[in-house]
Amino acid sequence: MSQQYYLLRNREVPNIDEMPVYLAHGGYQALRKALNDFKPEELVDMVKKSGLRGRGGAGFPTGMKWGFLPNDGRKRYLVVNSDEAEPGTFKDREIIEHNPHQLIEGIIISSYATKAREAFIYCRGEFLFGSEQLKRAVREAYEQGFLGENILGSGFSLDLEVYRGAGAYICGEESALLESLEGKRGNPRLKPPFPAVAGLYGGPTVINNVETIANVPVIVTKGADWYTSMGTAKSPGLKIFSVSGRVQRPGNYEIPLATPLRTLIEDYAGGMLPGRQLKAVIPGGSSVPLMTPDKLDTPLDYESILQAGSMLGSGGCIVLDDHVCIVGATARLVRFYREESCGKCTPCREGTYWMTDVLDRLEHGLGTPEDLDTLADVADNIGGKCFCPLGDASLGVLVSALKYFREEFEAHVAQHACPMGERLYDTINN
Amino acid sequence: MIRLTIDDQEVSVPEGTTIVDAAAKLGIDVPIYCYHQSLGPLGACRMCLVQVEKMPKLATGCTTAVSEGMVVHTQGPEVEKGRKGVLEFLLINHPLDCPVCDKGGECYLQDYAFEYGPAKGRFQEPKIQKVKDGPINEFVLIDQERCVLCQRCVRFMSEYVGEEQLLLEGRGVETVVTTVEHEPATSQFTGNVIDLCPVGALLSAPYNHKGRPWNIDRQTTICPHCPVGCPSKMTTRESHIIRMEGRPVPDRDWGWLCDRGRFGYDFGYHPLRVLDSTVQGKSLSSAQAMRDTAQWMKETIREHGFGSIGVVMGGHFTAEEAYWIKKFAEEVVHTSEMATLRNVPGYLPISLNGTFEDIDQTDTVVFVGVDPYEAVPVVHLKLRDRIRHFPGLRVIGVGPRKLTSGTLPGIDYQVLGEDEAVVFAQALLLAKGDDPTVQMLGRNVADYPLPVDSETLKTLGETLLNATHLTMLWDGENPEMEQIFKALTILRQGRTAVLPSFGPVNWRGYEKAGIPVRYEDLRNLLMKARNGDIRMLVLWGADLLRDFPDRDLAREALEAVDYVVSAQIRPPLDLPYTDALLPVAAWGEVEGSYVNMEGRVAVAAAGVQPPAQSRPTKTYMVGWARLFQQTFGVEAEWDLFEDIEGDLIPRNADEEDMTPQPLKRPDPVEDPTQWRVIRGELVLENGIPSEILEPRISLFVGRIHPDEAQALHIPAEGGYVDVETSSGTITIGVRADESIPERTLWVPRSGHYEWIASLNGVKQLKRREEVKSL
């Protein structure tokens, strides 16, 4: 196993979050290159050619998104989605806390490419340290002339502001993020119009994930061809995976897409804890279906994982071992969505509440055989009927758990108790 | 137009129409909670799921716009399953309150549960508990458990009214609708959320537990409290009016009411209601009172001849009642001395009278002396509707105070009320001075000094002339404005419409019935009374001292005549001069027609019995005629609708003189040592008593400039001041108001405070330390 870092290349450098250190390690060279050597349109073409896809979870081609902006002379905005709240995902956090300048460099290049004159970083409410780091880095970038009027004499000007949310998962959804950024209640907006046409304050807006933006300087430095040399034709390039759970070395790993899941868990993360067996993997954050150990050789790219019945999502890889009660884990994850549902649409608001209560009952041995059918039917009544993706996200783990581990649910009913004995679920909840 | 197929039927609708509206055109009902046509799509409740061919999943009919060739199915197993699922979700946390819920029997949740819902629930977990019967304000209760979070109320208040007083608090299943900072909502339009609420979450506090749909009656009526005459429904039970609701009229009116109209329905059984016939201080039987008063009429005619009885109409009578009074006056007591009680001198020819359709199309609206939010609140809402669809709406205020507001922002020209017409004349002179009509109009006022610079005035003139559709709202305070309106109609290319906001509410109906309605008519009548030509006054709902601005003339007239007969629903200020006080039936107790500020006729049904001795106008007329040994037929002789096409009074320009006259030069400014007293219509405070409205009515009705309020140490909520007037010192409650200029005291034009009538020659305001009970 040879680990080659590009996005996380400076992770071992002390004080890389400080401007002089970042500059000494080649920082803002990509920005100079972008401003000196490329027109904005050429940069958009380069990103299109690189095949870079949104790393927030949906995997939408970034260059195409940039191309949607209408050319009608209205003021454009670039918004960076740093509301990383998906359970099991902590890749953006490492970038903004450890190496904020890399993100800021990416924002300036991306704004130049999309002709945005004002950019915002919407930082997750809980990321207090991260937002402080970002604010300090932004200040340093202004002092250095990388932000503000006429950046590096190029004639391009950009203002960047860091905004910390109030702590709501739903604000990771782009339209709810815009509402929150405008100072309103973080509820998702009706689409269309999409943000590219009517986004922040009604203006054309690009919204990208932190990791997506952090890819841009690397692509500018090394070229689109280099980027497409990794991964598959449809899923090229690099992706950071956050591995958590019962593995020897949990953490962020940057690997080319299409690397097998087995390599990620067994080589990079060091395999399971001693004496533990792999039971299931949630490969893309808590919103995606479980994968069973027989799918371990699936390549980690968008298409292959979809074919294997799950989704690549945000790359938050949660590894569950044989000591984990699937019912308890499902109950815990569904509870998260119940807490985070914004309450706007009926199925998500009421359905997640209902499922949480039934799952709690099941976990504590108070379930009935009918509960399993009820759960499946409630999930069916939520699926595809909600206003935004949050409702569907709450179903990923539950539906797959009912499919692959139905006997474990039935055992809870039959034994009137959790057969795992270990009340991990209670420990977490109390 | 877009053509699509819904349930195998083809329909053509304009681009941008939603599926639910297209389906409604075909008479297909798609269940909805959150969607309301006036508010636009939201997509929250998910009840309107439909199947659209070539779409991978069910679509919401309220958020999906139609497209050419679209094929929609509003029925089918998949749709049924989806709706059942959503309905089940809505019900899991909904309390089983229906037996004690006001909405029971007229509730969309019940209706759809009956249609789609399972008979038995699968939900066995505890329901979320929230606040029940919490207050939104004095009039509106919220039961958060029953709420389905459709957001209609929140969106109505913040987006439609523009007053953000309701919000969603908490998130997920704990989300509740509540007021901002948990303070009572103070808007004039809060009651509309009761009508908007599709379930039993928002309830009328005065109607709470008063009746169920199967033991109430509903009558179609109009609201009688201001000249808007909003279409409404009256709920009655056991001969009491217990509720007012809005009545939407398709393509014309959303059915909004202001809180005054929605909750002020209880004047019929208010403790102040006149119930007995009182003749010269003695309470008599109604028959005896009629005999006595008829005797006075005979005596007056015998001694002073025909024409010695004067009749003044006021109040809220129907056009038919006005006609009967006119007929009685002419045929029985042989007098043509009739007038209508006016509190402002203006008059508007019917051919200049606009309609609310003008508001729907206007690009420039001018408030002349009137703040629509206070005087004619639903017109304010109609303007809000317009500004939502046409954000470029120009709003202009011309009057003695600031008339535009945060919800209807615009430009204000603050001048004295008597100078309003001069502002327009000079503006027109500056913008189009070479026009002979303009020159003639401004002949006497071209050099009249105004506190507005000429550049600003010129812009106003150009705006007035160039607006494509000019709508003007007028309080009638400055009678010279009539010449301006006439001139504008001649000068402008596009449509010019005027909406008069003055009362009495049915003055157009009185006019149509043949009663003179001009201010001068009343003035002449009172002068004749003062001079002894008229010896008896019959005041039908008219309270001269409360409403007629020249109080001295009114008092002298009342003192001079031999007899004053006054038919009222509440004790008049004229009471000391009244020889006979007769109780009369009010709105809601007799059926009849009303003509509103558009000149539109509407019929108000009767729903309740007149209380105690109060009798309909018709009964008095017929009874008196009999005492004169005359037959008096009141049936089918006159029909308000006779010469009307549709429901609008005809705009017969040929019969009216539409030539403008030169403006009269206003008299020089009054004594500068005196405070200026300005009056404005305030529908909430218009004097018709209501116990339900009392908590909302401020004790501090007067308003002064914030700096002066500060100098007098008036607290934010208001305080009492001693006002030194030419007729003594009066203690009144005042509060600070930014729209009032300095050295100006604003008071409601009419109210239930007697002092409003005697505010003349105000010299000074002094802080009053101890609170005097009023």
Problem - Considering residues of the range B:126-150 that are touching a strand residue (DSSP E or B) at 6+ places or on another chain (Cβ under 7 Å) and either farther than 15 Å from B:GLU169 by Cα or not in a loop (DSSP other than H, G, I, E, B) (or both) only, the residue farthest from the other protein chains (Cβ to nearest Cβ) - result: B:PHE139
Practice task
Tell me which residues, restricted to the range B:261-296, are buried (at least 22 other Cβ atoms within 10 Å of the Cβ) and within 12 Å of B:MET536 (Cα to Cα).
Solution key: B:THR293
Problem - Flag for A:LYS385 being over 16 Å from A:LYS279 (Cα atoms) and at pLDDT 95 or above - result: yes
Problem - Which numbered condition B:GLU181 fails, given (1) surrounded by fewer than 16 Cβ atoms within 10 Å (Cβ to Cβ); (2) within 14 Å of another protein chain (Cβ to nearest Cβ); (3) farther than 24 Å from B:LEU381 by Cα; (4) not basic (Lys, Arg) - result: (2)
Fill in the blank from the handout: Only unsatisfied item for A:SER400, checking (1) surrounded by fewer than 18 Cβ atoms within 10 Å (Cβ to Cβ); (2) more than 10 Å from chain B (Cβ to nearest Cβ); (3) not aromatic (Phe, Trp, Tyr); (4) not in a loop (DSSP other than H, G, I, E, B), is (1)
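If only one of A:ALA137, A:ALA58, A:ALA119 is of a type in the set (Gly, Ala, Ser), touching a helix residue (DSSP H, G or I) at 6+ places or on another chain (Cβ under 9 Å) and over 21 Å from A:GLU179 (Cβ atoms), which one is it? I'd like the intermediate steps shown before the answer.
Working: A:ALA58 fails: over 21 Å from A:GLU179 (Cβ atoms); A:ALA119 fails: over 21 Å from A:GLU179 (Cβ atoms).
Of A:ALA137, A:ALA58, A:ALA119, the one residue that is of a type in the set (Gly, Ala, Ser), touching a helix residue (DSSP H, G or I) at 6+ places or on another chain (Cβ under 9 Å) and over 21 Å from A:GLU179 (Cβ atoms) is A:ALA137.
Residues checked against (1) under 21 Å from B:LEU141 (Cα atoms); (2) within 12 Å of chain A (Cβ to nearest Cβ):
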{"position": "B:LEU90", "(1), (2)": "yes, yes"}
{"position": "B:HIS94", "(1), (2)": "yes, yes"}
{"position": "B:PHE114", "(1), (2)": "no, no"}
{"position": "B:GLY121", "(1), (2)": "no, yes"}
{"position": "B:GLN124", "(1), (2)": "no, yes"}
Practice task
Could you list all residues from the range B:431-455 that are closer than 22 Å to B:PRO400 by Cβ, surrounded by 14 or more Cβ atoms within 10 Å (Cβ to Cβ) and among the hydroxyl-bearing types (Ser, Thr, Tyr)?
Solution key: B:TYR448
Handout entry: Conditions (1) over 30 Å from B:ILE387 (Cα atoms); (2) within 37 Å of the chain's Cα centre (by Cα); (3) assigned to a loop (DSSP other than H, G, I, E, B); (4) not assigned by TED's automatic domain parsing to the domain that holds B:GLY255; number of the one not met by B:GLY69
Key = (2)
Completion exercise
For strands (runs of 3 or more DSSP E) lying entirely in the range B:520-625, having 1 or more residues that are within 28 Å of the chain's Cα centre (by Cα) and assigned by TED's automatic domain parsing to the domain that holds B:SER750 picks out none
Completion exercise
Here the qualifying pairs (Cβ atoms under 7 Å; residues six or more apart or on different chains; first in the range B:373-385 and free of Cβ contacts under 8 Å to residues at least 12 places away in the same chain; second part of a helix (DSSP H, G or I)) come out as none
Completion exercise
Selection from the range B:114-132 of residues in contact with a Leu (Cβ under 6 Å, 6 or more places away or on another chain) and either free of Cβ contacts under 8 Å to residues at least 40 places away in the same chain or polar (S, T, N, Q) (or both) yields B:GLY117
Fill in the blank from the handout: Of (1) in a helix (DSSP H, G or I); (2) within 30 Å of B:ARG676 (Cβ to Cβ), B:ILE387 satisfies every one except (2)
Practice task
Give me the pairs, please: first residue somewhere in the range B:163-175 and in contact (Cβ under 8 Å) with a residue 12 or more places away in the chain and within 11 Å of chain A (Cβ to nearest Cβ), second residue anywhere and in a strand (DSSP E or B) and not hydroxyl-bearing (Ser, Thr, Tyr), beta-carbon distance under 6 Å, and either six or more positions apart or on two chains.
Solution key: B:THR175/B:LEU168
Practice task
Pick out the one residue from A:GLU149, A:GLU174, A:GLU179 that is exposed (fewer than 14 other Cβ atoms within 10 Å of the Cβ) and of a type outside the set (Gly, Ala, Ser).
Solution key: A:GLU149
Exercise for the section: Could you tell me whether the range A:227-248 includes any residue that is more than 18 Å from A:THR212 (Cα to Cα), surrounded by fewer than 20 Cβ atoms within 10 Å (Cβ to Cβ) and without any contact (Cβ under 8 Å) to a residue 24 or more places away in the chain? Expected result: no
Problem - Answer from A:GLU42, A:GLU86 - the residue that is outside any strand (DSSP E or B) and surrounded by fewer than 18 Cβ atoms within 10 Å (Cβ to Cβ) - result: A:GLU42
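Can you say whether B:VAL11 is within 14 Å of chain A (Cβ to nearest Cβ), part of a strand (DSSP E or B) and not polar (S, T, N, Q), as far as the supplied structure shows? Don't jump to the end; show me each part of the working.
Numbers: within 14 Å of chain A (Cβ to nearest Cβ): no; part of a strand (DSSP E or B): yes; not polar (S, T, N, Q): yes.
Against the criterion (within 14 Å of chain A (Cβ to nearest Cβ), part of a strand (DSSP E or B) and not polar (S, T, N, Q)), B:VAL11 does not qualify.
Restricting to the range B:443-473, count the residues that are over 15 Å from B:ASP412 (Cα atoms) and under 34 Å from the mean Cα position of the chain (by Cα). Step through it out loud before you land on a result.
Step one: list which residues in the range B:443-473 are over 15 Å from B:ASP412 (Cα atoms), which gives B:443-449, B:462, B:465-471.
Checking which are under 34 Å from the mean Cα position of the chain (by Cα) leaves us with B:462, B:465-471.
Of the residues in the range B:443-473, 8 are over 15 Å from B:ASP412 (Cα atoms) and under 34 Å from the mean Cα position of the chain (by Cα).
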Fill in the blank from the handout: A:VAL378 meets each of (1) within 10 Å of another protein chain (Cβ to nearest Cβ); (2) aliphatic (A, V, I, L, M); (3) in contact (Cβ under 8 Å) with a residue 40 or more places away in the chain with one exception, condition (3)
Exercise for the section: Search the range B:51-64 for residues that are within 8 Å of chain A (Cβ to nearest Cβ) and in contact (Cβ under 8 Å) with a residue 40 or more places away in the chain and pair each with any residue that is of a type in the set (A, V, I, L, M) and in a loop (DSSP other than H, G, I, E, B) when their beta-carbon atoms are under 7 Å apart and the residues are at least 6 apart or on different chains. Expected result: B:THR63/A:LEU190
Practice task
Identify all residues within the range A:340-367 that are more than 9 Å from every other protein chain (Cβ to nearest Cβ) and not in a helix (DSSP H, G or I); write none if there are none.
Solution key: A:HIS364, A:GLY365, A:LEU366, A:GLY367
Fill in the blank from the handout: Going through the range B:680-692 in order, the residues found to be of a type outside the set (Gly, Ala, Ser), closer than 20 Å to B:TRP746 by Cβ and modelled with pLDDT of 90 or more are B:GLU681, B:LEU682, B:VAL683
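Quick test for you: out of B:THR220, B:THR186, B:THR236, pick the one residue that is among the hydroxyl-bearing types (Ser, Thr, Tyr) and more than 24 Å from B:GLU694 (Cα to Cα).
Values: B:THR186 fails: more than 24 Å from B:GLU694 (Cα to Cα); B:THR236 fails: more than 24 Å from B:GLU694 (Cα to Cα).
None of the other options fit; the residue is B:THR220.
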Handout entry: Members of the range A:306-331 found to be in contact (Cβ under 8 Å) with a residue 40 or more places away in the chain, hydrophobic (A, V, I, L, M, F, W, C) and within 30 Å of A:LYS234 (Cα to Cα), listed by number
Key = A:MET311, A:LEU312, A:CYS317, A:ILE318, A:VAL319, A:LEU320
Exercise for the section: Please specify each residue of the range A:312-331 satisfying the condition of being in a loop (DSSP other than H, G, I, E, B) and closer than 16 Å to A:TYR404 by Cβ. Expected result: A:ASP322, A:VAL324, A:CYS325
Problem - Selection within the range B:396-412 - part of a strand (DSSP E or B) and buried (at least 20 other Cβ atoms within 10 Å of the Cβ) - result: B:ILE396, B:GLY397, B:VAL398, B:GLY399
Practice task
With respect to B:GLY633, determine if the residue is more than 24 Å from B:ASP521 (Cα to Cα), part of a loop (DSSP other than H, G, I, E, B) and not assigned by TED's automatic domain parsing to the domain that holds B:ALA322.
Solution key: yes
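The values are calculated or read from the model by the stated rules, or taken from the named source; none is laboratory data. What you are looking at is a predicted structure, and each value in this text was computed from that prediction instead of being measured. Glycine gets a Cβ as well: all are built from the backbone with ideal geometry, and neighbour counts include every protein chain shown.
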